[in-house]
2 protein chains.
Amino acid sequence: VKNNRKEDLPFSMRGKSLLGQEMFKVLDKARRLEEEGIHIYHLELGNPRLQPPEEIIDACVSALKSLDVGYTSSAGHPSLRRALTLRYARSGQRAINMENVVISPANVIISQFLDLTCDRGDRVVLFTPAFPSYLAAATHIGLDVVGIALQSENGYDLTEQHIEAAISACPKAVIVNSANNPTGAVYSREILEHLALECHRHGIWLLSDETYGELCFGKMFYSLFPHDYPRLVIMSSFSKIFSIPGFRVGFSISHESVAEKLALSNSTLFSCLSAFAQLGCAAGLQVLDKYSAAIREYFAQRARECSNILNTSGSFRCMPPQSGFYIFLDIGRTGLDDFAFSARLLEEWQTAVTPGRSFGASYATSIRLATCGKYEDVIEGTHRVVRLAQELSV
Amino acid sequence: VKNNRKEDLPFSMRGKSLLGQEMFKVLDKARRLEEEGIHIYHLELGNPRLQPPEEIIDACVSALKSLDVGYTSSAGHPSLRRALTLRYARSGQRAINMENVVISPANVIISQFLDLTCDRGDRVVLFTPAFPSYLAAATHIGLDVVGIALQSENGYDLTEQHIEAAISACPKAVIVNSANNPTGAVYSREILEHLALECHRHGIWLLSDETYGELCFGKMFYSLFPHDYPRLVIMSSFSKIFSIPGFRVGFSISHESVAEKLALSNSTLFSCLSAFAQLGCAAGLQVLDKYSAAIREYFAQRARECSNILNTSGSFRCMPPQSGFYIFLDIGRTGLDDFAFSARLLEEWQTAVTPGRSFGASYATSIRLATCGKYEDVIEGTHRVVRLAQELSV
């Protein structure tokens, strides 16, 4: 049988427009170097390497040992959906029931949200810099992506002008992400409520990605959960708040008829998620408040420490993030663009970071550092970013 | 804030055309009855409840305990990709390397294959009755689905006439599934090679779903793996061969440039799968031959036993399947259609089965029984199918 390695295959439009996530490409490149025996300082992925709550590991192991390895509901394991319903209900701000909660990998929810709400050619608004999956998912299904640039001068905060620009673009959908990846900004209650109300008034779908909500230390987090707008979808993930990105479990809270579609999409796409992973997350929710208080403090300390290394070097100026574990760093003065800087950093300084253009086409003079890995590696990696800059005479 | 429970929301075309998998709806209904304390006989889902290889559980638990809970490669964990490469390479029929193997949930691969190869309006051919996810995935992205009906008289075998009809329909893609769900048919080497060659000659994409390949007992299984056609994608799953559907791990083998797209699609859609689940599957591959020999024998015995119950009842006539654990049963003589029969069976006889129309619009007089659940439940459930038929004076 003939081998056609070089054949140019006729992929579909969607097949041709796949972007993926740049930081997973960096991860693959870094892993190949590791296989050659080279130690790599991982600052590319938001891959927290803290000890997760032992309750999660124990519950997951126990479910595995009792052979809970069959199919479960497409909408999610009832125990986890119930636990989330109770957790959100305790705020007393809005009554929800299990029918509003659907369990899916958080990254899948982004694709599902755009897929359910937008047709090819429809417009979606992102506030940039933005998490790469928004652009990857939107591009994949052929949407017209309008990026509204936030300003570094005010810490990439969301303002009324940005919201006005978003609504004027007449989009089908908007995605907002507070606490923000990659900037670490946390938007105020007033501005988020304003955005949600404007979207509601104009019949625009709104995805509120609250993945980093539990990790705010510089400013109070505000969730859009209290607002029962039919076109508002809240999403979050267990990856970051429990330091278990490898569990691949997240969730959405939405209007019943949206939740029904999301569950149907799960059923069409991946049938269901592992019961054992979901039972682990359900056990974690019992200790979330205690655990998140501890890691918030921990990440605040890391953010200060890494910002200090960068700022005292004289080569960079960065504002410490108000949440999470990312630093979105301006490298303009080094004279290299994001891809060149990242490539040299990996090759010469064994340090992996994510190029700025992963977060929007106009961020060629930025890189993102993820400071949630092993402590020694993060500190040394940050020093190496400085050393490359100094080598470039900055 | 106003509650808009009844609002008619403006979903996208794709949002409106979501079908899901009927058997998961049956599962949800059955689970609700179970929550009321009613014992349900589960014959709806291919959810094997045999003891999986302990090597899998041990490896998975061990990875969890050593906190292997971070992100891994989007293309799959290198250990599992390497183990699969070695397993397929040992046949000596074709050289592949890790770059040809991508790890994804098997159900996702179906959507990805159609998504990468077909644009809205393009034609895809299915041989029916067919696994519901093919139709669900194709309908979701707006494909023109042509179902070519196989005949019950010859055990739903695939013939040259069916292939001729498939090619004449000028499709962009064809999906073939041997060993078959729901019919249990196993197609011959000659006919599968004929189909693959015809698709290759006409530039048609071909997905060969070989999920049940290890579970053939009535006839020898033939894999299309030896054929290195650039548009041929082989897929399989660990769910059925290891009795671990809840792990949600499957894999594809394809041309390098297709595999690259599949990995990019993983990255866009769900980032990556759990490392611990993949390490479990890699450990399982070491004992697959021994394990699959045992379960093949076991499922052959079950197929005989259940077919006997049905055939000796006088109410039904069915051919024992040649593979797997499904019986696609003609209920035409009961006077009820598939939905009515399934609904009464669940309500009056606490037995869950899948209506025939999940496998194609023309199967309103069939139901599918999955005989892989708990032994006592499967036998009693099969008796209850007979009892309902007898109640209907058949």
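Give the nm distances, rounded to one decimal, from residue B:34 to the matching residue in every other copy, measuring between label points 7 Å along Cα toward the beta carbon; shortest first.
Inter-copy label distances (nm, one decimal, shortest first): 3.8.
Treat the stretch B:1-151 as a sphere of radius equal to its Kirkwood radius over Cα pairs and apply Stokes-Einstein at 20 °C in a medium of 1.002 mPa s; give the translational diffusion coefficient in µm²/s, rounded to a whole number.
107
Suppose we keep just the DSSP beta bridges with both residues in chain A; what percent of those would be antiparallel, to 5?
45
Grab the beta carbon distance between residue B:333 and residue B:28, set R0 = 35 Å, and tell me the FRET efficiency rounded to 0.05.
For R0 = 35 Å, the calculated efficiency reads 0.75.
Describe numerically, in nm with one decimal, the distance between label points set 7 Å from Cα along Cα→Cβ at residue A:17 and at residue A:54.
Between residue A:17 and residue A:54, the label points sit 5.0 nm apart.
If I take the Cα coordinates of the stretch B:209-299 and project them onto the principal axes, what are the three extents in Å, biggest first?
Cα spread of the stretch B:209-299 along its principal axes, largest to smallest: 40, 32, 18 Å.
GNM on chain B, C-alpha springs below 10 Å: top fluctuator among B:237, B:358, B:267?
Result for chain B, Cα springs under 10 Å: B:267 fluctuates most.
When the helices in chain A are scored as -39500 (n - 2.57) per DSSP H run of 4 or longer and the sum is shared across all residues, what 222 nm value do you end up with, to the nearest 500 deg cm²/dmol?
-13000 deg cm²/dmol
Going through the cross-link list A:219/B:65; B:25/B:374; A:240/A:374; B:240/B:374; A:261/B:25; B:25/B:290, which pairs have a Cα-Cα distance over 23 Å in this structure?
Distance filter (> 23 Å) returns A:219/B:65; B:25/B:290.
How long are the three semi-axes of the equivalent ellipsoid of the stretch A:320-391, in whole Å, if each is the root of 5 times an eigenvalue of the C-alpha gyration tensor, listed from largest down?
18, 16, 10
Please provide three numbers in whole Å: the alpha-carbon extents of chain A along the principal axes, with the largest listed first.
Dimensions of chain A along the principal axes of its Cα atoms: 60, 58, 54 Å.
Rounded to whole angstrom, how close does the nearest chain A beta-carbon get to the axis mapping A onto B, and which residue is it?
A:61, 3
Need one number: nm distance between label points at residue B:149 and residue B:90, each 7 Å from Cα along Cα→Cβ, rounded to one decimal.
So the label points at residue B:149 and residue B:90 sit 4.4 nm apart.
Convex hull volume of the Cα atoms in the protein assembly as shown, per residue, in Å³?
Enclosed volume per residue, from the Cα hull, is 147 Å³.
Say we join alpha carbon atoms closer than 10 Å with springs in a Gaussian network model of chain B; which of B:373, B:121, B:184 then has the biggest fluctuation?
For chain B, modelled as a Gaussian network with Cα springs under 10 Å, the answer is B:121.
Only four residue types carry charge here, +1 at the Cβ of Lys and Arg and -1 at the Cβ of Asp and Glu. Report the dipole size of chain A about the Cα centre in Debye, rounded to the nearest 20.
420
Going by Cα centres, the stretch B:334-394 and the stretch B:101-150 are how many Å apart?
Taking the Cα centre of the stretch B:101-150 as reference, the centre of the stretch B:334-394 is 27 Å away.
Report the Cα centroid-to-centroid distance between the stretch B:261-316 and the stretch A:191-247 in angstrom, as an integer.
Measuring centre to centre over Cα atoms gives 39 Å.
Once you've got the GNM for chain B with C-alpha springs shorter than 10 Å, pick whichever of B:107, B:266, B:97 has the biggest mean-square fluctuation.
Judging by the Gaussian network model, the answer is B:97.
Just check the stretch B:93-247 against the gyration tensor rule for me: Cα atoms, a ≥ b ≥ c as the square roots of the eigenvalues, rounded for a/c under 1.5, and otherwise prolate or oblate depending on whether a/b exceeds b/c.
It is rounded, given that a/c, with a ≥ b ≥ c, falls under 1.5.
Could you work out the mean count of beta carbons from other protein chains within 10 Å of each residue's beta carbon in B:369-379?
So the per-residue partner count for this stretch is 0.
Ordered shortest first, which distances in nm separate the 7 Å Cα→C-beta label point of residue B:161 from those of the other copies?
Taking the point 7 Å beyond Cα along Cα→Cβ, the inter-copy spacings are 7.3 nm.
How crowded by other chains is B:15-22, given as the mean number of beta carbons from other chains within 10 Å of each beta carbon?
Whole-number average of other-chain Cβ neighbours for B:15-22 is 6.
Could you state the principal axis extents of the C-alpha atoms in the stretch A:232-277, from the largest down, to the nearest angstrom?
Reported extents, whole Å, longest axis first: 31, 24, 14.
Placing +1 at every Lys and Arg Cβ and -1 at every Asp and Glu Cβ, with all other atoms neutral, what dipole size does the protein assembly as shown have around its Cα centre, in debye to the nearest 20?
40
Distances in nm, one decimal, shortest first, from residue A:188 to the same residue in every other copy, taking the label point 7 angstrom along Cα→Cβ.
Sorted ascending, the copy-to-copy spacings read 7.8 nm.
So for the pair residue A:287, residue A:120, with labels modelled 7 Å out along Cα→Cβ, what separation do we get in nm?
5.0
Roughly how big is the stretch A:90-241's charge dipole about its Cα centre, with Cβ charges of +1 (Lys, Arg) and -1 (Asp, Glu), in debye to the nearest 20?
The calculation lands at about 240 debye.
What is the stretch A:199-255 by shape, rounded, prolate or oblate, if you read a ≥ b ≥ c off the alpha carbon gyration tensor as root eigenvalues and call it rounded for a/c under 1.5, prolate for a/b larger than b/c, and oblate otherwise?
oblate
Considering Cα pairs under 8 angstrom that are at least six residues apart, work out the relative contact order of the stretch B:65-150 and quote it in whole percent.
Reported as a whole number, the value is 23 percent.
Where does the stretch B:62-160 land on Rg/Rh, using Cα atoms and the Kirkwood Rh?
1.10
In percent, how large is the relative contact order of chain A, given Cα pairs closer than 8 Å and 6 or more residues apart?
25
All of the numbers you see were taken from the coordinates with simple rules; none came from a lab. Please read all numbers here as calculations on a predicted model, not as lab measurements. Every residue, glycine as well, gets a Cβ built from its backbone with ideal geometry; the counts of neighbours run over all protein chains shown.
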